[in-house]
1. Return the residues of region 18-34 that are aliphatic (A, V, I, L, M) and modelled with pLDDT under 85; say none if nothing qualifies.
2. Just wondering, is there one or more residues in region 245-254 that are part of a loop (DSSP other than H, G, I, E, B), surrounded by 15 or more Cβ atoms within 10 Å (Cβ to Cβ) and not aromatic (Phe, Trp, Tyr)?
3. Would you mind stating whether residue 183 is closer than 21 Å to residue 10 by Cα and modelled with pLDDT of 85 or more?
4. Yes or no: residue 52 out of contact with any helix residue (DSSP H, G or I) (no Cβ under 7 Å at 6 or more places or on another chain), of a type in the set (A, V, I, L, M, F, W, C), at pLDDT 65 or above and assigned to a helix (DSSP H, G or I)?
5. Out of 133, 139, 170, which single residue is at pLDDT 75 or above, among the hydroxyl-bearing types (Ser, Thr, Tyr) and surrounded by fewer than 24 Cβ atoms within 10 Å (Cβ to Cβ)?
6. Would you mind finding the one in 232, 225 that is touching a residue at least 60 places away in the same chain (Cβ under 8 Å) and charged (D, E, K, R)?
Amino acid sequence: MYPVLLTALGVGGATVFGALMGFIFKKPSHRLNDIILSFAAGVMLSAAVIGLVLPSLEYGSGFFPLIITAAGIFAGAVVLNLIDRLVPHLHKITGIDSEEKHPQRNRDINKILLFVIAIAIHNLPEGIAAGVSFGGGESARALSVAGGIALQNIPEGMVIIAPMIAAGISKKRTFFIAVSTGLIEVLGTFIGYFAVNISMAVLPFALAFAGGTMLYVISDEMIPETHSHGCERAATYSLLLGFCIMLCFDFLLG
């Protein structure tokens with residue numbers, strides 16, 4: 001339980017750390033943000049496959065473990081797809097550079113609040129993925145999953161600061177909102193952990209579901225974002241670097 005608590009605080013705290021970096025750098029260049037986000041995508045990709053999808057197959061029982069894993073992956077992706085339809089797409093909200101030059105506060109604040117809600121909703125399944133990964137009892141794999149999510153949360157925490165300040169929200173309230181999005185992930189971590197411990201029978205599906213949510217975020221959110229500002233090659237190599245580092249991490253601790 002103690003490692004889960006530390007993981008929950010670490011995953012949620014990464015968003016807060018990113019927010020603090022956002023106050024310092026205010027608006028990092030697209031190139032830097034794409035490289036960091038691509039590295040996080042590579043880490044998450046490796047963690048999703050090695051820490052969630054493959055264990056789902058290993059813990060599966062009966063005649064159809066592969067079907068259970070595949071169903072879990074698609075279920076996780078479909079759930080996040082539905083969330084994307086219900087809340088604004090993150091990158092449409094963050095792309096408000098032109099509006100910052102001529103701020104219209106009420107409209108901008110409404111957009112930012114929707115943006116924050118979108119991040120919070122996306123953070124919940126990410127937190128659940130971190131919690132579920134502890135269900136198999138393999139701490140190294142669980143920590144690799146949590147580490148991948150935490151790395152992704154740092155640039156995410158950074159990008160929410162500048163738009164809120166530009167919309168006229170005070171620094172104190174901006175920081176409080178960023179902390180709130182991190183707390184959602186802490187909650188998700190405990191939900192995932194206790195869910196699989198109540199019934200280990202759901203562990204294979206839960207692991208695959210969590211893996212599916214991470215794969216969806218990588219494919220639908222992270223990779224398109226990092227390839228939309230002319231830094232595709234640097235982003236690709238950064239993703240590969242993150243993926244290989246997590247492979248080494250899993251090999252050394254496995």
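The values are calculated or read from the model by the stated rules, or taken from the named source; none is laboratory data. Values in this document were obtained by computation on a predicted structure and should not be read as measured data. Here Cβ is always computed from backbone atoms with ideal geometry, including for glycine, and neighbour counts include all displayed protein chains. Just the protein is used for accessible areas: all its heavy atoms, side chains included, with ligands, DNA and RNA removed. Shrake-Rupley method; radii C 1.70, N 1.55, O 1.52, S 1.80 Å.
1. Correct list: 19, 21, 24, 32.
2. Looking through region 245-254, none of the residues is part of a loop (DSSP other than H, G, I, E, B), surrounded by 15 or more Cβ atoms within 10 Å (Cβ to Cβ) and not aromatic (Phe, Trp, Tyr).
3. yes
4. no
5. After ruling out the rest, the residue left standing is 170.
6. After applying the criteria, what remains is 225.
Table: residues versus (1) within 20 Å of residue 184 (Cβ to Cβ); (2) open to solvent by less than 30 Å² (accessible area, probe 1.4 Å); (3) of a type in the set (S, T, N, Q).
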site	(1), (2), (3)
17	yes, no, no
23	no, no, no
35	no, no, no
41	no, yes, no
45	no, no, no
51	no, yes, no
